[in-house]
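Structure first, then comments.
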Amino acid sequence: YMWKTFCLSLLVAGLFSCQEGKRYQSFKPGEIWLDNTEVHINAHGGGILYDGGRYYWFGEHKTEGEAGNRANVGVHCYSSDDLYNWIDEGIALAVEPEGSGSPIEKGCILERPKVIHNAKTGKYVMWFHLEPKGMGYRGAQSGVAVSDRVTGPYRFLHAGRINAGKWAENASDELKNAPVPALEDAYSGGSLPGHPDSLNIHKRDLEGGQMARDMNLFVDDDGKAYHIYASEENSTLQIAQLNDDYTDHNGVYVRCFAGRFMEAPAMFKHNGKYYLMMSGCTGWAPNAARSAVADSILGEWKELGNPCMDADSATTYHSQSTYILPMPGHPDKFIYMGDRWTPENAIDGRYIWLPLEFEGERFVIHWQDEWKM
Ligand code: GAL
């Protein structure tokens, strides 16, 4: 009898601890999403790294109120083995104390962090959009940090503009020889007083380096890594190769979608082709997504239209893309990861994860209130 009771209690305890560790068995886009400590996951503008059999989710740690959109804490990391249930791994990259003068000083803007692993150096490399404190969005810099451990702590290396002194591979002679008309203001939104090519922002920024705001990273099968970012006052997406250790650019880059104001880029590969999902440029307010395909990362890119198919497709189901992850166990499917921003109380931002699948040449995303892989 005692033996039976012992076995039964082991079984019951096992069942309970299993359920405790596995709160979720499905995705519910837009709902509060609790981590293992029962706190809403705080990793906005995030991305995922699959490493050593686990998923690591890195994103912006937001705080309460409107001021919570600035970096008051740093980059938060979570890990999971099933993508439904996430363990809080703490702050992977912490902001530096106020008054330290560091480019990543508390109160700066640090957005859309992404982490990749470098097989040659063994290091984990984090890139992010950085606006040093007090400059609004005029800095348009990119920051880099590295770590020997996936969860950090990450050590800040440097931040700045991109590929100073280097023309884009596909910059035309016409652009190179054209004048640079004066542009009074710095723009951080979705319009310019003219086409970026007629304003020649690419040439304007040649010496100081290209601007970069919304960004992502992509590592190709050959180990080459790419930085994809909204440049030229957000008007034109640029795609730049990283160097061998992924901590800087190597001078090779292209201009894509000139004048289309693409933001929130997320790249993935399917059947040898490269795909991009992007948004338009309307700040925290959602807009209709765009998509594109190319045979090679450095282009030519061809636009494929809005991948969202159901009601609210005009707002990407009230979200903005941040990452696209291959769906485990389904070679033709991916997971769309988007942010439903709540700028008036940044910490309350929600996550919209939806299945992404192929329909002929293009990919599509349908709304689901609840779904499983
Ligand atoms: C969005 C961008 C966000 C953030 C925001 C600030 O367009 O995607 O990452 O920069 O603007 O208004």
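Summary table below
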quantity	calculated
Cβ pairs under 8 Å, 6+ apart, first in region 198-214 and on the phi > 0 side of the Ramachandran plot, second not in a loop (DSSP other than H, G, I, E, B)	ASN200/LEU175; GLY209/GLY160; GLY209/ILE162
Members of region 268-317 that are within 20 Å of the chain's Cα centre (by Cα), open to solvent by 10 Å² or more (accessible area, probe 1.4 Å), among the hydroxyl-bearing types (Ser, Thr, Tyr) and closer than 30 Å to GLU66 by Cβ	THR282, THR315
Hits in region 127-158 - residues which are within 16 Å of the ligand (Cβ to nearest atom) and not in a loop (DSSP other than H, G, I, E, B)	TRP127, PHE128, HIS129, LEU130, GLU131, GLN141, SER142, GLY143
Residues located in region 45-82, provided they are among the polar types (S, T, N, Q) and in contact with a Ser or Thr (Cβ under 6 Å, 6 or more places away or on another chain)	ASN72
Residue that is nearest to ILE228 (Cα to Cα), among those in region 90-108 that are surrounded by fewer than 21 Cβ atoms within 10 Å (Cβ to Cβ) and not small (Gly, Ala, Ser)	PRO103
Matching strands (runs of 3 or more DSSP E) fully within region 325-373 where at least 3 residues are of a type outside the set (Lys, Arg) and within 27 Å of GLU111 (Cβ to Cβ)	333-340, 350-359
Unmet requirement for ALA212, which otherwise passes all of (1) open to solvent by 20 Å² or more (accessible area, probe 1.4 Å); (2) assigned to a loop (DSSP other than H, G, I, E, B)	(1)
Residue within region 175-195 that is within 16 Å of the ligand (Cβ to nearest atom), in contact with a helix residue (DSSP H, G or I) (Cβ under 8 Å, 6 or more places away or on another chain) and either on the phi < 0 side of the Ramachandran plot or at pLDDT 90 or above (or both) present	yes
Subset tally (residues that are within 27 Å of VAL115 (Cβ to Cβ) and within 16 Å of the ligand (Cβ to nearest atom)) for region 196-237	16
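Residues checked against (1) part of a loop (DSSP other than H, G, I, E, B); (2) within 16 Å of the ligand (Cβ to nearest atom):
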{"site": "VAL254", "(1), (2)": "no, no"}
{"site": "ALA266", "(1), (2)": "no, yes"}
{"site": "TYR274", "(1), (2)": "no, no"}
{"site": "GLY283", "(1), (2)": "yes, yes"}
{"site": "PRO286", "(1), (2)": "yes, yes"}
{"site": "SER291", "(1), (2)": "no, no"}
{"site": "LEU298", "(1), (2)": "yes, no"}
{"site": "GLY305", "(1), (2)": "yes, no"}
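The values are calculated or read from the model by the stated rules, or taken from the named source; none is laboratory data. Being a predicted model, the structure only gives us computed values, none of them experimental. Cβ coordinates were reconstructed from backbone atoms using ideal geometry, including for glycine residues, and neighbour counts include every protein chain displayed. Calculation scope for accessible area: heavy atoms of the full protein, side chains included, ligands and nucleic acids excluded. Shrake-Rupley method; radii C 1.70, N 1.55, O 1.52, S 1.80 Å.
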